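**Student:** Sharing a structure, written as structure tokens. Questions coming.
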Amino acid sequence: MTLHRSDLVLVLAEITPVLRGGWIQKIHQPRPRTIIFDIRSPGQTHRLLISCELDSTRLHLTTRPHQNPPTPPPFCQYLRAHFQGARLDEIHQISNDRIVELQMTGKEGPHTIVCELTGQKVDMLVLDTERRVLRSLTNKRDLVGQPYVPSVRTVVEGFEGKPARFPGVAGSPFPVSTAIEAFYETQETGVAVDHAKINRARSLRKTLKKEQRLIEAWRGDLAKALAYKGYSRYGELLKANLGAITKGLDRITLIDYFDEHFPEVTIPLDPTKSPHSNMDEYFRKHRKYLAAERELQPRIERAEQEIRTLQQELQEIAQGTWTPPTTRPQHEQAKTRARLVAGREVSRGSDRHGPFRRFTSTDGLPIFVGRNARENDELTFGLAKSEDLWLHARGTPGSHVVVRLAKGSAPPPETLRDAATLALLYSDLKKSGKGEVIYTRRKWVKKATRQAPGAVIVTQENSLHISLDKTRLEALKNRNSQE
């Protein structure tokens with residue numbers, strides 16, 4: 001929706017007296033086709049917003065904050081180079097049309113900025129003193145160097161003759177601008193919500209497919225492991241009859257003492273293995289079954305619950321009852337944050353394929369582990385921030401470990417032990433299963449000069465004696481695999 005010609009008449013009548021003679025202090029481009037001029041007039045700075053976006057073409061003063069990109073786009077850089085510090089001599093409407101001219105005088109002399117806020121050719125053009133086109137917001141290079149000719153339109157009274165839609169907001173120093181800004185803010189919020197719904201639905205469907213594939217794979221692994229359910233009995237029978245087994249047999253028939261009817265059972269053997277090795281293989285496969293039953297079934301149940309949650313959210317989107325995370329009740333936001341920590345969001349899933357080993361601590365904090373000297377160097381002096389926690393096994397080669405911490409926060413005790421366990425695991429102390437791990441803030445770690453990558457000097461360190469805890473390691477690896 002764009003401003004009518006009559007809307008422009010009202011807003012220009014309101015803002016021209018205060019902007020005329022002002023100085024351009026700063027220029028911003030928060031959106032691809034939106035320019036904001038900070039104009040200093042006696043006693044106050046006003047912000048003039050000019051939007052050439054096709055769905056929201058408009059011009060008015062703005063008071064709300066607008067987020068700018070980290071690097072200003074080329075057109076914004078051009079305007080800053082030529083118009084920052086310029087004086088706004090005049091601002092007026094051309095031929096009572098939806099074309100507005102800003103006449104300015106800067107260090108290079110007088111120039112004109114033409115804002116064509118009409119039709120599909122909406123654009124912002126910079127003209128020289130001879131009214132030749134120097135630059136175009138929409139990058140129409142064929143216009144550069146050509147004399148500017150206003151768009152010729154046939155005014156349709158049924159549209160252009162409509163009365164102004166923004167009579168103004170009472171009590172505001174700029175009532176028309178305030179009304180226009182409020183209207184488009186509401187409209188843009190609605191558009192943003194629609195885009196959020198589309199993006200969220202796409203993300204949910206992608207995550208659903210991923211969860212379903214995981215469940216299928218886990219069920220397949222569980223079905224394979226179920227074949228080993230009775231292998232403990234085979235191992236015990238072989239153990240009781242080791243003296244009767246000779247190497248080279250491919251099977252042996254024994255009495256099954258575990259059955260009250262004492263039937264005979266034929267047990268397949270690997271003829272290339274010794275009796276002890278055959279026995280150990282049956283016990284090993286039975287342990288594999290036990291581990292699969294212990295670990296895979298809970299994973300499947302958690303994934304099935306997650307699928308139900310995702311399907312419910314998709315249903316909310318389809319029914320129109322879904323709200324973006326920023327406007328949801330606090331408990332809903334907490335659920336979303338929990339999914340983020342657990343690695344359920346697609347963005348986190350794709351992030352795992354980058355450098356470094358990545359884990360999630362008991363408290364939900366990200367832990368990064370370098371794989372080699374180069375990664376150690378990149379992790380410590382590239383990714384890590386000054387307040388992050390840094391760990392390393394004392395006095396031995398090993399991985400650098402970094403825990404991401406919020407500024408001013410202390411590492412939770414369980415997170416510290418998780419990270420120290422990983423530092424010990426990925427060091428030369430792994431074989432002994434225990435050792436001392438040093439830890440400090442990243443800001444107290446300095447790169448050692450003229451040394452190999454990964455070599456550091458640590459000050460203000462603390463230490464923790466740690467032993468490899470299989471339960472803790474399993475929990476870390478399980479959280480990592482579920483992500």
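**Student:** Taking the stretch 222-238 as the region of interest, how many residues are of a type outside the set (Lys, Arg) and surrounded by fewer than 13 Cβ atoms within 10 Å (Cβ to Cβ)?
**Tutor:** To start, the set of residues in the stretch 222-238 that are of a type outside the set (Lys, Arg) comprises 222-223, 225-228, 230-232, 234-238.
In the following step, the residues that additionally are surrounded by fewer than 13 Cβ atoms within 10 Å (Cβ to Cβ) were identified as 223, 226-227.
So the count comes out to 3.
**Student:** How many residues does the stretch 1-18 contain that are surrounded by 15 or more Cβ atoms within 10 Å (Cβ to Cβ) and farther than 23 Å from THR118 by Cα?
**Tutor:** Residues that pass the stated criteria total 1.
**Student:** Of the conditions (1) assigned to a strand (DSSP E or B); (2) within 21 Å of THR178 (Cβ to Cβ); (3) touching a helix residue (DSSP H, G or I) at 6+ places or on another chain (Cβ under 6 Å); (4) not small (Gly, Ala, Ser), LEU10 clears all except one; give me its number.
**Tutor:** Only one criterion is unmet by LEU10, namely (1).
**Student:** Would the stretch 96-112 turn up any residue that is more than 16 Å from LEU19 (Cβ to Cβ), modelled with pLDDT of 95 or more and within 40 Å of the chain's Cα centre (by Cα)?
**Tutor:** No, the stretch 96-112 contains no residue that is more than 16 Å from LEU19 (Cβ to Cβ), modelled with pLDDT of 95 or more and within 40 Å of the chain's Cα centre (by Cα).
**Student:** Among the residues of the stretch 63-71, are any in contact with a Leu (Cβ under 6 Å, 6 or more places away or on another chain), over 19 Å from SER136 (Cβ atoms) and either at pLDDT below 90 or surrounded by 15 or more Cβ atoms within 10 Å (Cβ to Cβ) (or both)?
**Tutor:** As a first pass, look at the stretch 63-71 and keep what is in contact with a Leu (Cβ under 6 Å, 6 or more places away or on another chain): none.
No, the stretch 63-71 has no match at all.
**Student:** Would you check if GLU306 is at pLDDT 85 or above and within 30 Å of ALA227 (Cα to Cα)? Give the steps one after another, and end with the answer.
**Tutor:** Details: at pLDDT 85 or above: yes; within 30 Å of ALA227 (Cα to Cα): yes.
It is true that GLU306 is at pLDDT 85 or above and within 30 Å of ALA227 (Cα to Cα).
**Student:** Taking the condition in contact with a helix residue (DSSP H, G or I) (Cβ under 7 Å, 6 or more places away or on another chain) and either at pLDDT 95 or above or hydrophobic (A, V, I, L, M, F, W, C) (or both), does ALA455 pass? Lay out the reasoning, then the answer.
**Tutor:** On the way: in contact with a helix residue (DSSP H, G or I) (Cβ under 7 Å, 6 or more places away or on another chain): no; either at pLDDT 95 or above or hydrophobic (A, V, I, L, M, F, W, C) (or both): yes.
Answer is no for this residue.
**Student:** Out of all the residues in the stretch 24-34, is one or more under 13 Å from VAL100 (Cβ atoms) and either part of a helix (DSSP H, G or I) or among the hydrophobic types (A, V, I, L, M, F, W, C) (or both)? Before you say what the answer is, go through the steps one by one.
**Tutor:** Looking only at the stretch 24-34, we keep the residues that are under 13 Å from VAL100 (Cβ atoms), and these are none.
No: zero hits.
**Student:** Before we move on, is LEU127 surrounded by 12 or more Cβ atoms within 10 Å (Cβ to Cβ) and at pLDDT 95 or above? Don't jump to the end; show me each part of the working.
**Tutor:** Numbers: surrounded by 12 or more Cβ atoms within 10 Å (Cβ to Cβ): yes; at pLDDT 95 or above: yes.
Yes: the conditions hold for LEU127.
**Student:** Which of the residues spanning the stretch 320-335 are closer than 16 Å to ARG202 by Cα and either at pLDDT 90 or above or not in a loop (DSSP other than H, G, I, E, B) (or both)?
**Tutor:** Of all residues in the stretch 320-335, those closer than 16 Å to ARG202 by Cα come to 320, 322-325.
Answer for the stretch 320-335, where residues must be closer than 16 Å to ARG202 by Cα and either at pLDDT 90 or above or not in a loop (DSSP other than H, G, I, E, B) (or both): just PRO325.
**Student:** Find the helices (runs of 4 or more DSSP H) located wholly in the stretch 156-259 whose residues include 2 or more that are at pLDDT 85 or above, of a type outside the set (Phe, Trp, Tyr) and under 40 Å from the mean Cα position of the chain (by Cα), and list them. Before the answer, list the steps.
**Tutor:** Numbers: elements: 157-160, 175-226, 231-240.
Output list reads 175-226.
Listed here are the residues, each with its yes/no results for (1) exposed (fewer than 13 other Cβ atoms within 10 Å of the Cβ); (2) over 30 Å from LYS210 (Cα atoms); (3) among the hydroxyl-bearing types (Ser, Thr, Tyr).
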position	(1), (2), (3)
GLU436	no, yes, no
ARG442	no, yes, no
THR471	yes, no, yes
ALA475	no, no, no
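**Student:** Can you tell me which residues in the stretch 439-466 are among the polar types (S, T, N, Q) and in contact (Cβ under 8 Å) with a residue 40 or more places away in the chain? Steps first, please.
**Tutor:** At the first step, the residues of the stretch 439-466 found to be among the polar types (S, T, N, Q) are 440, 449, 451, 459-460, 462-463.
Result: THR440, SER463.
**Student:** Also: Among the residues of the stretch 90-113, which ones are in contact with a Lys or Arg (Cβ under 6 Å, 6 or more places away or on another chain) and of a type outside the set (Ser, Thr, Tyr)?
**Tutor:** Kept after step one, since they are in contact with a Lys or Arg (Cβ under 6 Å, 6 or more places away or on another chain), are these residues of the stretch 90-113: 98, 105.
The answer is ARG98, and nothing else.
**Student:** Testing THR105 on (1) free of Cβ contacts under 8 Å to residues at least 40 places away in the same chain; (2) under 14 Å from SER136 (Cα atoms); (3) β-branched (Val, Ile, Thr); (4) out of contact with any Phe, Trp or Tyr (no Cβ under 7 Å at 6 or more places or on another chain), one condition comes back false. Which one is that?
**Tutor:** THR105 satisfies every listed condition except (2).
**Student:** Is it fair to say ILE94 is under 19 Å from GLY119 (Cβ atoms), surrounded by fewer than 17 Cβ atoms within 10 Å (Cβ to Cβ) and in contact (Cβ under 8 Å) with a residue 24 or more places away in the chain?
**Tutor:** Details: under 19 Å from GLY119 (Cβ atoms): yes; surrounded by fewer than 17 Cβ atoms within 10 Å (Cβ to Cβ): yes; in contact (Cβ under 8 Å) with a residue 24 or more places away in the chain: yes.
Yes, satisfied.
**Student:** Please enumerate the residues belonging to the stretch 359-385 that are in contact with a Phe, Trp or Tyr (Cβ under 9 Å, 6 or more places away or on another chain) and not β-branched (Val, Ile, Thr). Before the answer, list the steps.
**Tutor:** Pass one, the stretch 359-385, residues in contact with a Phe, Trp or Tyr (Cβ under 9 Å, 6 or more places away or on another chain): 359, 366-371, 375, 378-380, 383-384.
Selection gives PHE359, PRO366, PHE368, GLY370, ARG371, GLU375, GLU378, LEU379, LEU383, ALA384.
**Student:** Enumerate the strands (runs of 3 or more DSSP E) found wholly within the stretch 443-483, keeping only those where 3 or more residues are farther than 26 Å from GLY364 by Cα and outside the structural domain of ILE215 (by TED's automatic domain parsing). Full working, then the answer.
**Tutor:** Numbers: elements: 445-447, 456-458, 462-467.
By residue number, 456-458.
**Student:** Now, a different point. Can you confirm whether ALA420 is small (Gly, Ala, Ser), part of a helix (DSSP H, G or I) and under 26 Å from the mean Cα position of the chain (by Cα)? Can you show your working first?
**Tutor:** Details: small (Gly, Ala, Ser): yes; part of a helix (DSSP H, G or I): yes; under 26 Å from the mean Cα position of the chain (by Cα): no.
Taking the combined requirement at face value, the residue does not satisfy it.
The values are calculated or read from the model by the stated rules, or taken from the named source; none is laboratory data. None of the values given here were measured: they were computed from a predicted structure. Positions of Cβ are generated from backbone atoms using ideal geometry, with glycine treated the same way; all protein chains shown enter the neighbour counts.
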